[in-house]
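See below for the structure under consideration.
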């Protein structure tokens, strides 16, 4: 039987500085919540807004898959393994920290903020070589379907997706017109996040509904393929996971 845990945007932990507004779905940084440290293989799920020209100076990571999606604006990335790029709306990026890497992330605009969503995923192996991959997926999303965009799942082997070093997880995205609908994955753990617009998820019978707006998240345990419908034009990110980090 499916269990539903709605996490409204306003309930998330937050970190604010002069140049950063960050909202955390799980315990993060100075925020400690022992009963909210992960979901499936997700260890972090942050929504960040960076001021023009501002960003994170070089800092280290190890044994993580870091997946980034830009909602608005442009994000410049560079790392100690020699990778660099600018990520814009409709593009997805994966950095494998592996044995250790330092990277920086900065708003690539001098006059507009950048809004992004970043997830940290537990890989299924340690000691990997650091690596980086970025892909434009706008064409995949043009039809209003729920499309895999980054995945380690066996059924996506050979598909045109960014590869994750985690065989139990995949990230899907959809850009839905008003009235459009998709079927959520069947999996032990499904994490739904709304970046724009508003959607309704069927939770029980014909009348049971949950409405999610921008920044809202829904954690589904024992997901059995519920329908998600856009009330207005919307963008959603959906993690499908078949294992848990802890």
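With the structure loaded, tell me whether residue 135 is assigned to a strand (DSSP E or B) and closer than 24 Å to residue 215 by Cβ or whether it fails that test.
Judged against the criteria, residue 135 is not a match.
Run down 112, 102, 94, 106 and say which single residue is crowded, with 18+ Cβ neighbours inside 10 Å and more than 21 Å from residue 243 (Cα to Cα).
After applying the criteria, what remains is 106.
Among the listed residues 218, 176, which satisfies the condition of being crowded, with 21+ Cβ neighbours inside 10 Å, more than 23 Å from residue 245 (Cβ to Cβ) and at pLDDT 95 or above?
Unique residue meeting the criteria: 176.
Does region 47-70 contain at least one residue that is touching a helix residue (DSSP H, G or I) at 6+ places or on another chain (Cβ under 9 Å), in a loop (DSSP other than H, G, I, E, B), under 26 Å from residue 142 (Cβ atoms) and in contact (Cβ under 8 Å) with a residue 40 or more places away in the chain?
The answer is no, given that none of the residues of region 47-70 is touching a helix residue (DSSP H, G or I) at 6+ places or on another chain (Cβ under 9 Å), in a loop (DSSP other than H, G, I, E, B), under 26 Å from residue 142 (Cβ atoms) and in contact (Cβ under 8 Å) with a residue 40 or more places away in the chain.
Looking only at region 1-29, count how many residues are part of a strand (DSSP E or B) and within 13 Å of residue 47 (Cα to Cα).
Looking only at that region, the number is 10.
Determine whether region 233-241 contains at least one residue that is free of Cβ contacts under 8 Å to residues at least 12 places away in the same chain and not in a strand (DSSP E or B).
No, region 233-241 has no match at all.
Scan region 145-155 and tell me whether some residue there is at pLDDT below 95, part of a loop (DSSP other than H, G, I, E, B) and surrounded by fewer than 17 Cβ atoms within 10 Å (Cβ to Cβ).
no
Just checking, how many residues over region 85-133 are closer than 11 Å to residue 69 by Cβ and out of contact with any helix residue (DSSP H, G or I) (no Cβ under 9 Å at 6 or more places or on another chain)?
10
Could you tell me how many of the residues in region 187-214 are within 21 Å of residue 177 (Cβ to Cβ) and in a loop (DSSP other than H, G, I, E, B)?
Total meeting the criteria: 4.
Restricting the first residue to region 133-153 and requiring it to be in contact (Cβ under 8 Å) with a residue 12 or more places away in the chain and on the phi > 0 side of the Ramachandran plot, which pairs with a second residue that is in a loop (DSSP other than H, G, I, E, B) and buried (at least 17 other Cβ atoms within 10 Å of the Cβ) meet a Cβ separation below 6 Å and a spacing of at least six or different chains?
Taking only residues 6 or more apart or on different chains, the pairs are 144/180.
From the list 97, 119, 125, exactly one residue is at pLDDT below 95 and within 25 Å of residue 58 (Cα to Cα). Which is it?
Selected residue: 125, the only one of 97, 119, 125 that is at pLDDT below 95 and within 25 Å of residue 58 (Cα to Cα).
The values are calculated or read from the model by the stated rules, or taken from the named source; none is laboratory data. Note that the structure is a prediction, hence the values are computed from the model and not measured. Neighbour counts are summed over all protein chains in view; Cβ atoms, including those assigned to glycine, are modelled from backbone coordinates with ideal geometry.
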